[in-house]
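The structure under discussion appears below in the form of structure tokens.
Here, each number is a calculation from the coordinates, and none is a lab measurement. The model shown is predicted, which means the values in this text are computed figures rather than measured ones. All Cβ positions, even for glycine, are placed from backbone atoms using ideal geometry, and neighbour counts span all protein chains on display.
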Amino acid sequence: MATAYISLGGNLGDRRSYIKLALKMLAETKNIQVSGVSDIVETASLGNAQQPNYLNAVAELKTSLKPEGLLKKLNEIENQLGRLRREKWSPRTIDLDILLFDNQVKYSPELTVPHPQMQLRSFVLDGLCQFNGELTHPVMKVPLNELKARLNGCDFVLDPDKPQLVSVAGNIGVGKTTLAKKLAGLFGCELLLEPYDKNPFMPDVYAGKKELALDSQLFFLTSRAVQLNTNRLVAGRICISDYIFDKERIYSKRLLDAQQLALYEQIYPPFAAQVTSPVLVIYMRDPEENCLQRIHGRNRPYEQKIELKFLRGLDSDYERLFKQWKTCPVIRISTSQGMDADSLVNQIKYYTCCPTRP
């Protein structure tokens, strides 16, 4: 008997009754045992905000059927419960999908296992983790509880009509540029680097000339807004940046005095409105002592006065930012523990509309 996990959901009629009926019909099917059901949760529609909310659950099945046989049975139950197959994301009485089938991996026009977007759905991962959070995704090779943590309670949808911006974030000296260059090389895609060397004000700011801090921050604000402009980046095409635009607020609050910050906050909104949001963030962390050692090792003159206290403050700022982050999934990695770039590329494919994704 194989172990399969399926999702159940619907947003028409008596939603809870349809889920219970589907479970009853599965339990009455030869070669299928319903061995567990997660909590039933309510979620907003992913495809159309004008639709009614969904009720969703995950069920664990034991079955001697093959994946194709189980899919056939699920489709039969959907039809019997009045599922109408119209355009994508249309309302439905019941929707039954195979999430996992043992450790099997299948790609066909009729069936993809594991479910190709389960890593983007908190309500799916929450349900799966009620059974076994240590279970590993067969392709991504990541435990389900870690996939769940990346979403911060949110649900996301792959959108080929958006630029597929992947942003690397983290403290000064953590290795963002090195990783971004490596990933861009492996993907063969556009690389967006922060224009540190072109900022004429930054050396003076780091040397203590606080009166130039606003000029320096405005230089970064305008240059990043140009780099990440929605009209410049190509829809559906992946690109890698070695920063997130949201760091603007972190550094402005650290480097500007009250008067400068008040002016900056007035200038910031129209530039931020032009910027493409990332579809994935890779958040790098390392002890601040290691970051400071790298800063000294790369020997940029204007960075040599950076102190450990400043790096610790930035680390706290980034942690606060990503604790409440709702924009996209976040993959956390530790520089000191080493990085498998090929494994990271494989994971990125599952969070983007990457053309090389199976």
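Some values worked out for this structure:
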| item | result |
| --- | --- |
| Size-normalised alpha-carbon gyration radius of the stretch 2-111, reference 2.2 N^0.38 Å | 1.03 |
| Taking only Cα atoms of the stretch 223-306, radius of gyration then Dmax in Å | 15.8, 41 |
| Mean-position separation - Cα centroids, the stretch 340-355 and the stretch 200-257, in angstrom | 27 |
| Cα Rg, Dmax (largest Cα-Cα span) when computed across the stretch 73-134, Å | 13.2, 36 |
| Between helix 308-323 and the chain: long-axis angle, C-alpha atoms, 0 to 90°, nearest 10 | 30 |
| Kirkwood Rh, Cα atoms: Rg over Rh of the chain | 1.05 |
| Gaussian network model of the chain, springs between alpha carbon atoms under 10 Å - residue of Tyr283, Tyr268, Tyr18 with greatest fluctuation | Tyr268 |
| Kirkwood Rh in Å, taken over the stretch 164-349 so that all alpha-carbon pairs contribute | 17.1 |
| Cα-based equivalent ellipsoid, the stretch 126-235: semi-axes from gyration tensor eigenvalues, Å | 36, 18, 15 |
| Rounded FRET efficiency, nearest 0.05, which uses the C-beta distance separating Ser64 from Glu289 and R0 of 51 Å | 0.35 |
| Residue among Met140, Met25, Met284 with the largest mean-square fluctuation in a Gaussian network model of the chain, springs linking Cα atoms under 10 Å | Met25 |
| Of Ser252, Ser336, Ser167, the one that fluctuates the most in a GNM where the chain has Cα springs shorter than 10 Å | Ser336 |
| The stretch 253-358 - Rg over Rh from alpha carbon coordinates, Kirkwood radius | 1.03 |
| Positive-end extreme of charge dipole, the stretch 26-183 - chosen from Leu151, Val139, Val34 (charges on Cβ) | Val139 |
